[in-house]
Amino acid sequence: MTTTTTNTTNASPRTGGQLVVDQLLVHGVKQIFTVPGESFLAVLDALYDAPIETTICRQEGGAAMMAEAQGKLTGQPGICFVTRGPGATNASAGLHVAMQDSTPMILFVGQIERAARDREAFQELNYRAVFGPMVKWATEIDDAARIPELIARAFAVATSGRPGPVVIALPEDMLLDAVAVRDAKPYQAAPAKAADADVQVIAAKLAAAKQPIIIAGGSRWSAQAHDDLAAFAAAHGVPVACSFHRQMVFPANHANYAGDVGLGVNPKLIERIKNADLVLLLGGRMSEVPSQAYTLLGIPVPQQQLIHVHPDPDELGRVYQADLAVVAAPDALCAALAQQAAPTVSDARKALVAQAHADYLAWSDPTPIKVPGNLQMGQVMTHVRDVLPADTVWCNGAGNFATWVHRFWPFTHYGSQLAPTSGSMGYGLPAAVGAKRLWADRSVVCIAGDGDFLMHGQEFATAVQYHLPVVVLLIDNGMYGTIRMH
C-alpha cells in the first residue's frame, strides 16, 4: 500500500478537518466519494488542496455503494463522506452491502455541534445506536486530538478478521478545533495465516478424499490468491466452485472450475456438493443463498466432512461444526497451499474434475437458451462474450436479470465482478462508477433491470460529469420481475 506521510514528527496545530484529511493520506487513500454537507465543511476545505480525488455524487446511497465497490476491488477501505441525519440514513444501504459482503469501508458522517446533543437538534442522530448493530464499529470523535488514534483504529477494524464497514461521526464544531498532535502510522491489516501443520492436513485430506470439492468465497482475496488456488487445484486434482457473487476468485476457463453456488445454480453442481465426501469451505460463510436456504450442509453437523477456513474466528462454528476449523485469510492460505507438494492424481480424480468442468460448460452455454418473447437474452450474452474484453468488470444489483451474467459470462480475471451478496437493488450503476473511477482503462458494464436502475439512476449524471464511459445494459420488463416470479 502506497502511503503519504504528512506530520508524523512535527506536531504543529491543525484543525480537526485538516487532521481527518491528513490521516486519510497517511493511510494511503487516493479517492473518496461524497455528497457535500454543511456539517463537515472543514473537511471539504482541507480536501480542496489535498492529492485525493473527490467524486461528488447525486445521492448518499450511491456514494456509499461506490466506496463499497472500491473496497471490494482493492481490499483497502472505500471512503465515503455524508452529512448528518438524512444523509447518513440514505447511506445505510451501502453500509448493509459492505457488512453482508465483508467489504472494508469507512463512512464519515457530519454531526451536530457537541453542545446541542440530546435536544433532538436539526438532523440529530445517535450514530452509535443507529449504526452499531449493522456495522463492525460505530463511534463519534469528541476530541480533535484523538482523530489520528481513532481513524487508525477504523482502518484496522475495517480490514482485519472478517472485513466490514466502520462509521465515524464528526461533530461540526470539533472539526474547527485546532490541536497539536502527531499523525498515526499507516495501518496494517492484522495477518491471518494458517499454521503449517493445518495447511499440510488440508492438503492431505483433499488427497485422501474420493469426491472432494472446494467452495471459494468471502473476501480478503487478491489476484495472486486467484492464481495460487488455480495452481493448487490443477496440481492436486480438486474441482472448485465459487460462492454466490464471488465468481471472480477462480477462473471460469480453468479445467477444474465446477460453476457457482448461488441463485439458479446448476442442479448437477448441487448434487456434486451433496455427494461430496469432503468440502473445503474457503473464505466464505456459506450463508442462506449459497447454501440453498441452509440445505446443502447439515446444521450444525454437515453430512460431508467439512474443512472451514475463515479469517475471523467468530465465524467458525457459528452455523456449521467443521471437522477442521482454520483461522486464515484466503490470500494467505492459497499462498501456502500452492507450495504443497502435489500428489499423484488418480484417474478417478481426473475423471471427477473433467466431469465437473464439462457440467459447468454445458450449463453456461447461452446458445440453446430460448425464452418467450422477442428479446432473446441468450443471443445477447453470446454477443457480449464475443465482443467484450475478458477482464471486463461486470456490475449489477438485485433482480432476475442478473442471472444472465452470472450463469453465462465466464469470469476469468480477479477484480471483474461487483455484485452484492446482500441482494441490494440499485447497486450496479454506482458500483460501475466506482470501478471506472478506479480503473479508467478497464471496460466496465452495468447490467440492470428497470426497477433496479431507477433506484440509483441519478448516478448516471455522476458518470457523465466525470467523463466515465461506463456501459449500461438496461433490461426493461416493466415490473419488479423477481417479485412477480415469487
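The values are calculated or read from the model by the stated rules, or taken from the named source; none is laboratory data. Quick caveat, the model's predicted, so the values are computed rather than measured. Because the Cβ atoms are built from the backbone with ideal geometry, glycine has one as well, and the counts that use them run over all protein chains shown. Surface accessibility is based on the protein's heavy atoms, side chains included, excluding ligands, DNA and RNA. Shrake-Rupley method; radii C 1.70, N 1.55, O 1.52, S 1.80 Å.
In the range 310-322, the qualifying residues are those that are within 18 Å of the chain's Cα centre (by Cα) and closer than 12 Å to L281 by Cβ, and the one that is surrounded by the most Cβ atoms within 10 Å (Cβ to Cβ) is H310. Would you check if A325 is surrounded by fewer than 16 Cβ atoms within 10 Å (Cβ to Cβ) and of a type in the set (A, V, I, L, M, F, W, C)? Considered against the rule, which asks whether it is surrounded by fewer than 16 Cβ atoms within 10 Å (Cβ to Cβ) and of a type in the set (A, V, I, L, M, F, W, C), A325 comes out as no. Among residues of the range 251-275 that are more than 17 Å from K350 (Cα to Cα), those with a beta-carbon under 6 Å from a residue that is among the charged types (D, E, K, R) and surrounded by fewer than 23 Cβ atoms within 10 Å (Cβ to Cβ) at least six positions away or on a different chain give the pairs K268/D359. Screening the range 424-464 for residues that are at pLDDT 95 or above and charged (D, E, K, R) and picking the one that is most open to solvent (accessible area, probe 1.4 Å) gives D441. Just one residue in the set A207, A233 is over 18 Å from the mean Cα position of the chain (by Cα), touching a residue at least 12 places away in the same chain (Cβ under 8 Å) and open to solvent by 20 Å² or more (accessible area, probe 1.4 Å); that residue is A207. For F401, indicate whether it is in contact with a Pro (Cβ under 6 Å, 6 or more places away or on another chain) and more than 23 Å from R285 (Cα to Cα). Spelling it out, it is not the case that F401 is in contact with a Pro (Cβ under 6 Å, 6 or more places away or on another chain) and more than 23 Å from R285 (Cα to Cα). Here A207 fits the description: out of contact with any strand residue (DSSP E or B) (no Cβ under 9 Å at 6 or more places or on another chain), over 20 Å from P104 (Cβ atoms) and among the hydrophobic types (A, V, I, L, M, F, W, C).
Is it the case that some residue within the range 104-111 is under 20 Å from L44 (Cα atoms), open to solvent by 10 Å² or more (accessible area, probe 1.4 Å), not polar (S, T, N, Q) and not in a helix (DSSP H, G or I)? The answer is no; no qualifying residue exists.
Might you let me know whether the range 88-95 holds any residue that is open to solvent by less than 20 Å² (accessible area, probe 1.4 Å), within 26 Å of D331 (Cβ to Cβ) and within 18 Å of the chain's Cα centre (by Cα)? Yes, there is a match, as at least one residue in the range 88-95 is open to solvent by less than 20 Å² (accessible area, probe 1.4 Å), within 26 Å of D331 (Cβ to Cβ) and within 18 Å of the chain's Cα centre (by Cα). Every condition in (1) surrounded by fewer than 20 Cβ atoms within 10 Å (Cβ to Cβ); (2) at pLDDT below 95 holds for V471 except the one numbered (2). I'd like to check something: does the range 162-175 contain any residue that is part of a helix (DSSP H, G or I), touching a residue at least 12 places away in the same chain (Cβ under 8 Å) and open to solvent by 10 Å² or more (accessible area, probe 1.4 Å)? No, because not a single residue in the range 162-175 is part of a helix (DSSP H, G or I), touching a residue at least 12 places away in the same chain (Cβ under 8 Å) and open to solvent by 10 Å² or more (accessible area, probe 1.4 Å).
Of the listed requirements (1) open to solvent by 60 Å² or more (accessible area, probe 1.4 Å); (2) among the small types (G, A, S); (3) under 18 Å from K210 (Cβ atoms), A258 misses just one: (1). Screening F411 against (1) of a type in the set (F, W, Y); (2) assigned to a loop (DSSP other than H, G, I, E, B); (3) open to solvent by 20 Å² or more (accessible area, probe 1.4 Å) leaves a single unmet condition, (3). Of the residues that sit in the range 376-406 and are part of a loop (DSSP other than H, G, I, E, B) and without any contact (Cβ under 8 Å) to a residue 60 or more places away in the chain, which one is surrounded by the fewest Cβ atoms within 10 Å (Cβ to Cβ)? By that ranking, first place goes to P389. Taken over the range 271-289, residues that are open to solvent by less than 20 Å² (accessible area, probe 1.4 Å), out of contact with any His (no Cβ under 9 Å at 6 or more places or on another chain) and not in a strand (DSSP E or B) amount to 2.
When the range 178-199 is filtered for residues that are of a type in the set (D, E, K, R) and either touching a His at 6+ places or on another chain (Cβ under 7 Å) or open to solvent by 30 Å² or more (accessible area, probe 1.4 Å) (or both), the ones remaining, listed by number, are R182, K185, K193, D196, D198.
With respect to being surrounded by 13 or more Cβ atoms within 10 Å (Cβ to Cβ) and under 22 Å from Q224 (Cα atoms), A356 falls outside the description.
Among residues belonging to the range 113-136 that are closer than 25 Å to V157 by Cα and in a loop (DSSP other than H, G, I, E, B), point out the one that is modelled with the lowest pLDDT.
It comes out as L125.
Of all residues in the range 21-30, those being open to solvent by less than 10 Å² (accessible area, probe 1.4 Å), in a helix (DSSP H, G or I) and either closer than 20 Å to A189 by Cα or basic (K, R) (or both) number 3.
One residue stands out among those in the range 42-54 that are in a helix (DSSP H, G or I) and without any contact (Cβ under 8 Å) to a residue 40 or more places away in the chain: the one that is farthest from T15 (Cα to Cα), which is Y48. Looking at A432, is it of a type outside the set (K, R), in contact with a strand residue (DSSP E or B) (Cβ under 8 Å, 6 or more places away or on another chain) and outside any loop (DSSP other than H, G, I, E, B)? Against the criterion (of a type outside the set (K, R), in contact with a strand residue (DSSP E or B) (Cβ under 8 Å, 6 or more places away or on another chain) and outside any loop (DSSP other than H, G, I, E, B)), A432 qualifies. Set side by side, the residues Q340, Q305 differ, and just one is farther than 24 Å from S160 by Cβ and out of contact with any Lys or Arg (no Cβ under 9 Å at 6 or more places or on another chain), which is Q340. Just one residue in the set Q76, Q70 is farther than 19 Å from P133 by Cα, among the polar types (S, T, N, Q), outside any helix (DSSP H, G or I) and in contact with a Phe, Trp or Tyr (Cβ under 9 Å, 6 or more places away or on another chain); that residue is Q76.
Scanning the range 138-149 for residues that are open to solvent by 10 Å² or more (accessible area, probe 1.4 Å) and part of a helix (DSSP H, G or I) turns up A145, R146, E149.
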